[in-house]
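Some notes on the structure that comes next.
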Amino acid sequence: LADNAPYFAHSAMVISDRKVDAPLLRELLNAEEVPDLLTIRAAGNRLDPKAAQVLATHPRTAGLQVLELAANPDFGDGGLRALAEAPFFSRLQELSLSGSGLLHIGPLAGAIGLQRLEISYNLIEDPAPLFLLPSLERLYLRETRISAASFANLMALPRLRLLDLSGTPLQGLPDGIS
C-alpha cells in the first residue's frame with residue numbers, strides 16, 4: 001500500500017494524510033473488502049460537512065463506536081450537525097473532533113454513550129451540551145474558550161475522571177473546587 005492509502009484491520013478503517021472529499025469517502029466505504037466498521041480514524045484529511053453526511057448515512061458505519069476526526073478544520077459545525085443525524089451517534093463511545101473548526105457543540109447532547117470526548121483546539125465557549133452526557137469519563141477541552149463559570153457544571157458529570165482545560169481562560173480553580 002502507498003503510505004497514504006487507507007487500510008482496514010478487522011472492523012477499523014484508517015485514512016491518513018490525504019484530502020478526502022465526500023465522493024472519495026463513499027468510494028472507500030463501498031469497496032468490497034471494507035467490513036462493517038466499529039472504528040474510523042481519519043484525522044487530518046480535510047473532511048467537510050458533505051463527507052460527514054456520507055459517514056452518517058453509509059450502511060457500513062451504522063455500528064461505529066470510535067470516530068477520530070481531529071485536525072479536519074473544514075468539518076465545522078455543519079459536520080457535527082450531520083454526524084448527529086447518524087444512527088450510531090447516540091452509541092458512540094469515543095469521539096475526537098479536536099481542531100475541527102467547531103464553534104457550537106449543541107448536537108453533542110445526543111451522543112449520550114460517549115465515554116471519551118476530545119474537542120480541544122476549537123473556538124468553543126459554551127460547554128452546556130456536555131452536561132447531558134452521563135457516561136463521559138474523559139473530556140479534553142485544551143485551548144478552547146471555556147470559562148470558570150462553566151467549570152463547576154463540568155465537574156458535576158457523574159463519571160468524569162479526567163478533565164483537561166489547559167490553555168483555556170480558566171485561571172486557577174473556581175471557589176468551592178479543590
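The values are calculated or read from the model by the stated rules, or taken from the named source; none is laboratory data. If you're wondering where the values come from, they're calculated on a predicted model, not measured in any experiment. All Cβ positions, even for glycine, are placed from backbone atoms using ideal geometry, and neighbour counts span all protein chains on display. These accessible areas exclude ligands, DNA and RNA; they are computed on the full protein's heavy atoms, side chains included. Shrake-Rupley method; radii C 1.70, N 1.55, O 1.52, S 1.80 Å.
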Of PHE75, PHE88, which residue is aromatic (Phe, Trp, Tyr), surrounded by 22 or more Cβ atoms within 10 Å (Cβ to Cβ) and under 13 Å from the mean Cα position of the chain (by Cα)? PHE75
So in segment 144-160, with the set limited to residues that are modelled with pLDDT under 95 and open to solvent by 70 Å² or more (accessible area, probe 1.4 Å), which one is farthest from ALA111 (Cα to Cα)? ALA149
Answer yes if at least one residue in segment 70-91 is in contact with a Phe, Trp or Tyr (Cβ under 6 Å, 6 or more places away or on another chain) and small (Gly, Ala, Ser), and no otherwise. no
Selection count where residues are among the small types (Gly, Ala, Ser) and either out of contact with any helix residue (DSSP H, G or I) (no Cβ under 9 Å at 6 or more places or on another chain) or farther than 19 Å from LEU29 by Cα (or both), scope segment 51-97: 8
Only one of (1) buried (at least 21 other Cβ atoms within 10 Å of the Cβ); (2) part of a loop (DSSP other than H, G, I, E, B); (3) out of contact with any Lys or Arg (no Cβ under 7 Å at 6 or more places or on another chain) fails for LEU130. Which number is that? (2)
